[in-house]
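The values are calculated or read from the model by the stated rules, or taken from the named source; none is laboratory data. For clarity, every value in this text was computed on a predicted model and none was experimentally measured. All Cβ positions, glycine included, derive from the backbone under ideal geometry; neighbour counts span all protein chains shown. Surface accessibility is based on the protein's heavy atoms, side chains included, excluding ligands, DNA and RNA. Shrake-Rupley method; radii C 1.70, N 1.55, O 1.52, S 1.80 Å.
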There are 2 protein chains.
Amino acid sequence: MSRTLVLETLEKLNETVTLKGWVQRRRDLGGLIFIDLRDASGVVQVVFNQDHKEATEIADTLRSEYVIEVTGEVVKRDPSTVNENIQTGELEVVADSLNVLSKAETPPFQIEDDAVSEDVRLKYRYVDLKRQKLQDTLRTRHKTTAAIREFLNNEFFVDVETPFLSKSTPEGARDYLVPSRIHHGEFYALPQSPQIYKQLLMLSGFERYYQIVKCFRDEDLRRDRQPEFTQVDIEKSFTDVEDMIDLNERLLQYVFKEVKDIDVEIPFARMTYDDAMLKYGVDKPDTRFGMELVELSDFSKDVDFKVFKSTVENGGIVKAIVVKDSADKYSRKDIEALEEYVKLYGAKGLAWLKYNDGAFTGPIAKFFSEDKQNELKEILGADENDLVFFGADKASVVNASLGNLRNKLGKELDLIDEDKYNFVWITDWPLFEYDEDEERFVAAHHPFTSPKEEDIELLETTPEKVKANAYDIVLNGYELGGGSIRISNPELQEKMFKALGFSEKQMHDQFGFLIEAFKYGAPPHGGLAYGLDRLVMLLTKTDNIRDVIAFPKTSSAQDLMMDSPSNVSNRQLNELHLQIKPEGK
Amino acid sequence: MSRTLVLETLEKLNETVTLKGWVQRRRDLGGLIFIDLRDASGVVQVVFNQDHKEATEIADTLRSEYVIEVTGEVVKRDPSTVNENIQTGELEVVADSLNVLSKAETPPFQIEDDAVSEDVRLKYRYVDLKRQKLQDTLRTRHKTTAAIREFLNNEFFVDVETPFLSKSTPEGARDYLVPSRIHHGEFYALPQSPQIYKQLLMLSGFERYYQIVKCFRDEDLRRDRQPEFTQVDIEKSFTDVEDMIDLNERLLQYVFKEVKDIDVEIPFARMTYDDAMLKYGVDKPDTRFGMELVELSDFSKDVDFKVFKSTVENGGIVKAIVVKDSADKYSRKDIEALEEYVKLYGAKGLAWLKYNDGAFTGPIAKFFSEDKQNELKEILGADENDLVFFGADKASVVNASLGNLRNKLGKELDLIDEDKYNFVWITDWPLFEYDEDEERFVAAHHPFTSPKEEDIELLETTPEKVKANAYDIVLNGYELGGGSIRISNPELQEKMFKALGFSEKQMHDQFGFLIEAFKYGAPPHGGLAYGLDRLVMLLTKTDNIRDVIAFPKTSSAQDLMMDSPSNVSNRQLNELHLQIKPEGK
């Protein structure tokens, strides 16, 4: 008899069906045995009674997670026993016959027990994956990629696969390497992104490309990232910033409708990078709540408070955030905890003031004259019971500490409407950022990002001022994706490499073939790449990246289930011409 | 003005449009300049005349592969100048204005020149990819995966991504390894297939899984395979052989209809592995033509021809193929060439007879008595002008040499209807094959394939006789994919590993977690994996695997464009705790 899925029983009242699935729960009640039977579509109650002795005898041996095949009639439950927690709760199946397909030992932990440590869950991932939440997130992930593909296919984008055995390049993060057996001492690298390949596809006239593809970065341990992550990679020819923004707004609108049935309004808000840093201190602002940063550098030039004054004199900045009507919520001890928090972002301390009974109070209040206090109240819009936090340091430290403090307080004070989806484009990015370790400018996005036309002349003189045709899409404080219009002129590309400190030889060795490729007819082109893991995290409202990946790695890049990485045989090492150095050398 | 695609001009007669694309060709004719403008959608003729002097002056500077933007009116061509080779051949665009977006140097070779060596093409792959054939095959590849996804999504299969940084296992082909930086001396392996992961997903209750995913094998050079290849990977719970065959027949029918508009009839033919070897000598028979192998071992027991007789006495076999009405087409020299060919498959020679004027002729004819000649004629159904080739050796050599000779002759003699799509399922595979190098039985498919119920008792005594619940789908002599119903019982899985010669320790170290996983409620399950590259080769009728891959590697696994694999820095090696052995050691 052909199998009926659990959810299909809804349509089969009074019919005889055969169900297959797992025993979720067994209860015995006055000669009756009740089984909650689970399959991929849902859960239904099966009843074994004494009219079918043989089946009921077998049912008596059932334990959790046994895999069974049951045949029986679908009947309406007595109204008093309806289970409103499951979709089939008004029905039950009265079993005629039962067949055990597979027995099960007691699993190493209760499947839905949230107290189990993540390491144990990861070791028994195949048990953990039975959890409803993981079933749901992975199915949502599938719906998400299906919706993305559908949208892009309809827009005539071509899904082209690019190589995994690629080449190591000096720019960007650390590569994972793959030793070659055939070519002694040589290595492939796993791609950090298909950037170069997709640009070459534009040169070849494919015009519209996409791929949903794994990328790899051998990151430092302290960042809780997965060594392999999935990118939704898009590239288009004959495009510009407006066109790319329009395409991606329609794409995201489509995805949110298909996956979550949420109507997202387009066009999205836009904000320049400079504005985001000014008002939010971070390049991925969460705009679901206010508490914007207030610039106080001008104000601080003539205060008596030396910390502020000298910071500004030495080229630093002073900013504040105002926590409305919350002075009474934060004790000194609470504030000390917040001070520890901002120190994570390089701040040396956390100055604060409260506004109570028409005046600022707090340890630094005394450093401000009455006039300056009035001026401050004016600038901050301070009001009764407001709490003000200050940052005074170089700009990067002030922005990072106050920007992140703002996010933390927004969550703590429940200022965030979790049903909101606030998309915002961050535009006009700097083309370069200064790498203090390497003491040189590096590409803020990557070296193929085009500078704004009007800034090209600054490339050789004041690179820090050059803005890029780059755009990131930010949702609720998280970067969903980013992209740019690329350089399509080989001379400009050479100029860019030079500004990045490449010698002629380095440029030729690493990117010679690419610069040459641009000489045979390069269309203007641009693209965008989404982090799929992050997108699915936002769609499923989970904070743990491991919830959206079927077989994730730990933060030290281990697979606890497979026990990987692992030792390999000497034969394998010999074939790859490799020796392992003794530890500690 | 917004861009119009070339093909959209068909709908825009007498309208003014802006086209963007590449200069395919320029001709000057009596003060007029004609440009063939190409974009991703097609080619259209653009005319520059003296009414628009400025545009025509710029047009005069155009060369092949320049990227341009042209605005002009779509008009009907004079009937005498219609170009029937292009879809827009009845139209042309009379240009008002022209803008050069990007100049182009002369490409390193003429794009459509077939005489250019493949190495040069691969080095300049971005130029080669402009070839219409490659554009078409890669777009067909996209259509193929889109159709597969659509079908499987509609059947409620869930696309789940599995890890690329996986674990090295001793079974199967050679792994590509990825050294770990964090875990000294340890390695990941790139997956040869997601086999274990997809089975774990079945244990977790996903029930229906698919993935279109890259897999990796570090193959020997002599096989012209790509080191990375794409697999369409499918797994289903609560299935059996009939259900899997039905699912995949409907899938292939859908794909051929969507991609090629070809109606494929289902159900497909089926053939046991033993039958395929008997009649075709290979496990992937091309059934588009006859010329089946004829078994002559019984016949040979009492012939005077010692080669045949002693072969059979020593446990070998004798078989023949009859090439109808072709004796006059093959000279001795031609036959000697065929003899060289079968030697590639281990044959020591190639005995033959011709049938002419009612009798067999040829060097071995004298070894057969008149009675035996009559018997032979009868068995072979030999007729005037037939040519007979014989194989006498151990079975594997006879089958391989005659089976491949049959395919070669089928092509040479034009016996194959290239419009036919002959699908055939090969079933009832042996579970094991004997590995002569390792002197042990290895899994013919993989160690998770289930034996036929009735053969389980043979596992420990005569493994060579055990048949598997395995099936391959073969199209026109090529294996498209293969799969099996898996072992879902942990005790049987242990038995299987033991039959493969695993010690308790090896089994525990390598697959302990998997055997354990099966103890927590394993549904019966099975699956199938297609080689996507091969499928697209058959859909696009190309013999060269590199035609269906955007950025392929050479047969020595090199990327000639990127120059990969390549040397890496000492810093990188140090981080990975690796040293390269001197060459020759």
If only one of A:ASP96, A:ASP128 is touching a His at 6+ places or on another chain (Cβ under 7 Å) and within 24 Å of A:ILE68 (Cβ to Cβ), which one is it? A:ASP96
Those residues that are more than 14 Å from chain B (Cβ to nearest Cβ) and open to solvent by less than 70 Å² (accessible area, probe 1.4 Å), I need them from segment A:40-70; list them, please. A:VAL44, A:GLN45, A:VAL46, A:VAL47, A:PHE48, A:ASN49, A:HIS52, A:ALA55, A:THR56, A:ILE58, A:ALA59
Scan segment A:212-237 and report the pairs whose first residue is within 17 Å of A:ASN544 (Cβ to Cβ) and more than 9 Å from chain B (Cβ to nearest Cβ) and whose second residue is part of a strand (DSSP E or B) and among the basic types (Lys, Arg), with Cβ atoms within less than 8 Å and a gap of 6+ or a chain change. A:PHE229/A:LYS214
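Restricting attention to segment A:74-98, report how many residues are open to solvent by less than 70 Å² (accessible area, probe 1.4 Å) and outside any helix (DSSP H, G or I). Spell out how you get there, then give the answer.
Here is the first cut: in segment A:74-98, the residues open to solvent by less than 70 Å² (accessible area, probe 1.4 Å) are A:74-75, A:77, A:81-83, A:86, A:88-89, A:91-98.
Add one more test, that the residue is outside any helix (DSSP H, G or I), and what stays is A:74-75, A:77, A:82-83, A:86, A:88-89, A:91-98.
Going through segment A:74-98 one residue at a time, the tally reaches 16.
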Checked pairs for segment A:286-299, first under 21 Å from A:LEU480 (Cα atoms), second open to solvent by 40 Å² or more (accessible area, probe 1.4 Å) and not hydroxyl-bearing (Ser, Thr, Tyr), C-beta under 6 Å and 6 or more apart or across chains, list as A:ARG288/A:ASP417; A:ARG288/A:LYS420; A:PHE289/A:LEU415
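Any residue that is open to solvent by less than 20 Å² (accessible area, probe 1.4 Å), assigned to a strand (DSSP E or B) and of a type in the set (Gly, Ala, Ser) - is there at least one of those in segment B:257-269? Spell out how you get there, then give the answer.
Restricting attention to segment B:257-269, the residues satisfying the condition of being open to solvent by less than 20 Å² (accessible area, probe 1.4 Å) are B:259, B:264, B:268.
Checking which are assigned to a strand (DSSP E or B) leaves us with none.
Scanning segment B:257-269, I find no residue that is open to solvent by less than 20 Å² (accessible area, probe 1.4 Å), assigned to a strand (DSSP E or B) and of a type in the set (Gly, Ala, Ser), so the answer is no.
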Scanning for something within 7 Å of another protein chain (Cβ to nearest Cβ), open to solvent by 10 Å² or more (accessible area, probe 1.4 Å) and in contact with a Leu (Cβ under 7 Å, 6 or more places away or on another chain), does segment A:195-204 turn up at least one residue? no
By residue number, the members of segment B:157-175 that are closer than 22 Å to A:ARG571 by Cβ and either within 7 Å of chain A (Cβ to nearest Cβ) or surrounded by fewer than 22 Cβ atoms within 10 Å (Cβ to Cβ) (or both) are B:LEU165, B:SER166, B:LYS167, B:SER168, B:THR169, B:PRO170, B:GLU171, B:GLY172, B:ALA173, B:ARG174
B:MET244 fails exactly one of (1) more than 10 Å from chain A (Cβ to nearest Cβ); (2) assigned to a helix (DSSP H, G or I); (3) within 20 Å of the chain's Cα centre (by Cα), namely (3)
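Have a look at A:VAL178, A:VAL241 and point out the one that is β-branched (Val, Ile, Thr) and surrounded by fewer than 20 Cβ atoms within 10 Å (Cβ to Cβ). Spell out how you get there, then give the answer.
Numbers: A:VAL178 fails: surrounded by fewer than 20 Cβ atoms within 10 Å (Cβ to Cβ).
Sole residue among the options that is β-branched (Val, Ile, Thr) and surrounded by fewer than 20 Cβ atoms within 10 Å (Cβ to Cβ): A:VAL241.
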Out of (1) part of a loop (DSSP other than H, G, I, E, B); (2) in contact with a helix residue (DSSP H, G or I) (Cβ under 6 Å, 6 or more places away or on another chain); (3) more than 8 Å from chain B (Cβ to nearest Cβ), the odd one out for A:ARG181 is which? (3)
Checking A:ILE485 against (1) within 8 Å of chain B (Cβ to nearest Cβ); (2) aliphatic (A, V, I, L, M); (3) within 30 Å of A:LEU200 (Cα to Cα), only one condition comes out false. Which one? (1)
Name the single residue, out of those in segment A:136-156 being at the interface with chain B (Cβ under 7 Å from one of its Cβ atoms) and either open to solvent by less than 20 Å² (accessible area, probe 1.4 Å) or of a type outside the set (Lys, Arg) (or both), that is farthest from A:SER204 (Cα to Cα). A:LEU138
Among the residues in segment A:206-224, are any more than 19 Å from the chain's Cα centre (by Cα), open to solvent by 30 Å² or more (accessible area, probe 1.4 Å) and of a type outside the set (A, V, I, L, M)? yes
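Would you say B:LEU528 is surrounded by 15 or more Cβ atoms within 10 Å (Cβ to Cβ), out of contact with any Phe, Trp or Tyr (no Cβ under 7 Å at 6 or more places or on another chain) and in a strand (DSSP E or B)?
So B:LEU528 fits the description; yes.
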Within segment B:460-477, is even one residue in contact with a His (Cβ under 9 Å, 6 or more places away or on another chain), of a type in the set (A, V, I, L, M, F, W, C) and farther than 21 Å from A:LYS103 by Cα? yes
Return the residue satisfying two criteria in turn: it lies in segment A:1-31 and is open to solvent by 60 Å² or more (accessible area, probe 1.4 Å) and assigned to a strand (DSSP E or B), and of such residues it is farthest from the other protein chains (Cβ to nearest Cβ). A:LEU29
For segment A:122-134, what are the residues that are in contact (Cβ under 8 Å) with a residue 40 or more places away in the chain and under 22 Å from the mean Cα position of the chain (by Cα)? A:LEU122, A:ARG125, A:LEU129, A:LYS133, A:LEU134
Does segment A:126-142 contain at least one residue that is outside any helix (DSSP H, G or I), among the polar types (S, T, N, Q) and either closer than 28 Å to A:ALA557 by Cβ or modelled with pLDDT of 95 or more (or both)? no
Filter segment B:396-427 for residues that are open to solvent by less than 10 Å² (accessible area, probe 1.4 Å) and assigned to a helix (DSSP H, G or I) and give the result. B:VAL398, B:SER401, B:LEU402, B:GLY403, B:LEU405, B:ARG406, B:LEU409, B:GLY410
When segment B:520-530 is checked residue by residue, the ones that are hydroxyl-bearing (Ser, Thr, Tyr) and either within 10 Å of the chain's Cα centre (by Cα) or more than 10 Å from every other protein chain (Cβ to nearest Cβ) (or both) are B:TYR530
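Being under 13 Å from B:GLU516 (Cα atoms) and open to solvent by 50 Å² or more (accessible area, probe 1.4 Å) is the filter here, so list the residues in segment A:103-117 that pass it.
Across segment A:103-117, the qualifying residues are A:LYS103, A:GLU105, A:THR106, A:PRO108.
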When (1) at the interface with chain A (Cβ under 10 Å from one of its Cβ atoms); (2) touching a Cys at 6+ places or on another chain (Cβ under 9 Å) are applied to B:PRO191, the one that fails is (1)
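Go through the residues of segment B:385-395 one by one and say whether even a single one is in a helix (DSSP H, G or I) and either free of Cβ contacts under 8 Å to residues at least 40 places away in the same chain or open to solvent by 20 Å² or more (accessible area, probe 1.4 Å) (or both).
Step one: of segment B:385-395, the residues in a helix (DSSP H, G or I) are B:395.
Next cut, either free of Cβ contacts under 8 Å to residues at least 40 places away in the same chain or open to solvent by 20 Å² or more (accessible area, probe 1.4 Å) (or both) only: B:395.
Yes, because at least one residue in segment B:385-395 is in a helix (DSSP H, G or I) and either free of Cβ contacts under 8 Å to residues at least 40 places away in the same chain or open to solvent by 20 Å² or more (accessible area, probe 1.4 Å) (or both).
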Of everything in segment A:453-466, what is open to solvent by less than 50 Å² (accessible area, probe 1.4 Å) and within 25 Å of A:GLN195 (Cα to Cα)? Give them in sequence order. A:ASP455, A:ILE456, A:LEU459, A:PRO463, A:VAL466
Which of (1) of a type outside the set (A, V, I, L, M); (2) surrounded by fewer than 21 Cβ atoms within 10 Å (Cβ to Cβ); (3) outside any helix (DSSP H, G or I) is the odd one out, the single condition A:GLU516 does not satisfy? (3)
Residue satisfying all of: in segment A:531-556; among the small types (Gly, Ala, Ser) and either without any contact (Cβ under 8 Å) to a residue 12 or more places away in the chain or open to solvent by 10 Å² or more (accessible area, probe 1.4 Å) (or both); nearest to the other protein chains (Cβ to nearest Cβ) among these: A:SER556
